Each structure stands twice: as structure tokens, then as C-alpha cells.
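What follows draws every value from the coordinates through simple rules; no lab data is involved. Nothing here was measured: the structure is a model prediction, and the numbers come from that model. All Cβ positions, glycine included, derive from the backbone under ideal geometry; neighbour counts span all protein chains shown.
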Amino acid sequence: MADPITSTASVLTDRAARYGKQLCSHLGRKAIAVWDAEDGTGRIGFDDATHVELVAAPFSLDFTLTATEENVDLFEDVVGRHLVRFGAKDELEVTWQRSDGTAGTRQINDTNDAPAPGTTTEERA
């Protein structure tokens, strides 16, 4: 197995605990996720080699993702894209920094990707 890469992100928000809980709840449908409301911490385990730790700080939601080189892009995107969608009104942005010096990914709210009112995903395709 390849050496794991650690990728971190700190997302500015005054609603970190709310977003952390929502992210764990949503991604917990396809992964093993726990959120400790008392501590404001969580963990999402995607597979044996991939997990993300969440910490709700007073003005940020902080992430530490551990993944292999082969799947770090994918899981940065999965976590970041969901958070940005949940926090669209707050215009959340996620920028990942990797421990190996390579560029991480960035997720922002792109309103051009939103469906027009009254349309479905299939109608946009």
C-alpha cells in the first residue's frame, strides 16, 4: 500500500458544528461517520486507507484527510463539494493543503452548476 497523504483544510464559518454534523450525517449514508456534538469533533471513514477528521472551532470547520496518492483528489472533492453545497448561502470555500507539497483541490460555490428553477438534473444534461 502506498504511503498516505495528509490533506488539511480550514473553512471559515461561524456555524462549524452545524456543518460538521450535517456532513457526517449525509456522508454517513455511504461511509462510517460519527459526530460528537459535545466535543464538536467527527470522523468519516470511507475505506481502510481513507478517512477525514473534523473539528468545529469557534470560527472555522477544520479537516484532516488521510488518503492515498491515487484517491486524495477524489476525497478532497467529495468532502469539499458536499460542504460547499450545504453552505451555499454562506458562500463557503474549501482549499486543501497537502503534506507532500503537491497542490490540493479547491471547491467553491459555482452558481453556474445550479439547475434553473423548475428544472431537473436530467433536463440540464
Return L27, L83 ranked ascending by Cβ neighbour count within 10 Å, so the fewest neighbours appear first.
L27, L83
Using the beta-carbon distance between E91 and E38 and R0 = 30 Å, what value does 1/(1 + (r/R0)^6) give for FRET efficiency, to the nearest 0.05?
0.55
Contour minus Cα-Cα span, E69 to R29, at 0.36 nm per residue, comes to 11.9 nm
Rounded to 10°, Cα long-axis angle of helix 16-27 versus longest principal axis of the chain
90
Taking H placed 1.01 Å from N in the peptide plane, check which residues at least 5 places from T68 or on another chain put their amide H under 5 Å from its amide H.
I5
Restricting things to alpha carbons, find the Rg to Rh ratio for the chain using the Kirkwood radius for Rh.
0.99
Read phi for every residue in the stretch 54-66 and hand back ³J(HN,Hα) as whole Hz from Karplus 6.51 cos²θ - 1.76 cosθ + 1.60, θ = phi - 60°, with x for Gly and Pro.
10, 9, 8, 9, x, 10, 7, 10, 9, 10, 10, 9, 10
